[in-house]
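The values are calculated or read from the model by the stated rules, or taken from the named source; none is laboratory data. Keep in mind that this is a model prediction, so the values were computed, not measured. All Cβ positions, glycine included, derive from the backbone under ideal geometry; neighbour counts span all protein chains shown. The area values use the complete protein model at the heavy-atom level, side chains included, leaving out ligands, DNA and RNA. Shrake-Rupley method; radii C 1.70, N 1.55, O 1.52, S 1.80 Å.
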Amino acid sequence: MVISPFLVSGFTLLADLVGLILVLIAVKGLSDHYKEASIFNNSLYGVILSIVGGAVFVAALFVTALSFFINVLGIELSTAFSDPTAFSKIDWAEVIVWENFWPHVGALLGSLVTLFIFVVVAAIFYRKSLTTLAEKTGVGRFGTAGLLLLIGAVLIIIFIGFLLIWVALILLTVAFFQIRAEPTQPPPMTPS
């Protein structure tokens with residue numbers, strides 16, 4: 001997930017998905033080890049909210065674009081795909097009127113606000129999970145990563161949040177490597 005912003009766009013989503021699955025597997029293992037179900041459950045709720053929020057956002061964008069094509073441009077999707085000259089027949093002077101765009105801009109902003117709410121609520125669940133993990137493992141970087149993730153989710157509006165989320169992912173990676181195995185007790189000595 002740390003390197004996904006640097007990948008070619010087609011592989012970014014795949015790298016994020018693989019990274020997310022690996023983190024969930026690790027969190028599940030730690031949750032089982034420490035017998036603390038909230039570690040995994042909060043992470044799972046965060047993942048579910050992230051996926052649902054992304055799906056709602058994409059669906060809202062699709063509906064907004066479809067409405068724009070049909071209501072503003074007067075083009076059915078079947079026409080747009082079957083007749084490549086459909087766009088050249090549009091009288092752009094009549095179409096580009098602010099009154100036509102405001103409902104679609106409002107729908108776009110509404111979908112962005114919905115996505116923002118889903119991201120922040122998901123980050124709250126991630127933070128709960130990582131805070132509990134920090135307490136159980138004794139690795140404070142988990143708590144720091146959770147806090148940065150939440151702050152980044154809130155500040156995503158001004159784009160600095162993306163950087164903070166990326167730093168939180170780096171700290172999460174470092175935190176996983178700082179977990180120390182609990183020392184095992186040597187078997188008792190039997191007198192010979």
From DSSP H assignment alone, runs of 4+ in the chain each adding -39500 (n - 2.57), the sum over residues rounded to the nearest 500 puts [θ] at 222 nm at -25000 deg cm²/dmol
I'd like the orientation of helix 98-137 relative to the chain: the angle between its Cα long axis and the longest Cα principal axis, in ° from 0 to 90, rounded to 10.
0
On the accessible surface of the chain, probed at 1.4 Å, how many percent belong to carbon and sulfur atoms?
74
Folded to 0 to 90 degrees: helix 37-67 orientation relative to the chain principal axis, Cα:
10
State, to one decimal in nm, how far the label point of LEU22 lies from the label point of PHE159, with both points 7 Å from Cα in the Cβ direction.
2.9
Report the longest stretch of the chain that contains none of the trypsin sites (Lys or Arg not before Pro) sitting in a DSSP loop with at most 11 other Cβ atoms within 10 Å.
90-179
Take the alpha carbon gyration tensor of the chain, find the square roots of its eigenvalues, order them as a ≥ b ≥ c, and report rounded if a/c is under 1.5; if not, report prolate when a/b exceeds b/c, else oblate.
prolate
Among SER67, SER129, SER43, whose mean-square fluctuation peaks in a Gaussian network model of the chain (Cα, cutoff 10 Å)?
SER67
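What does the accessible area per residue of the chain come to in Å², with a 1.4 Å probe and no ligands, DNA or RNA counted?
64
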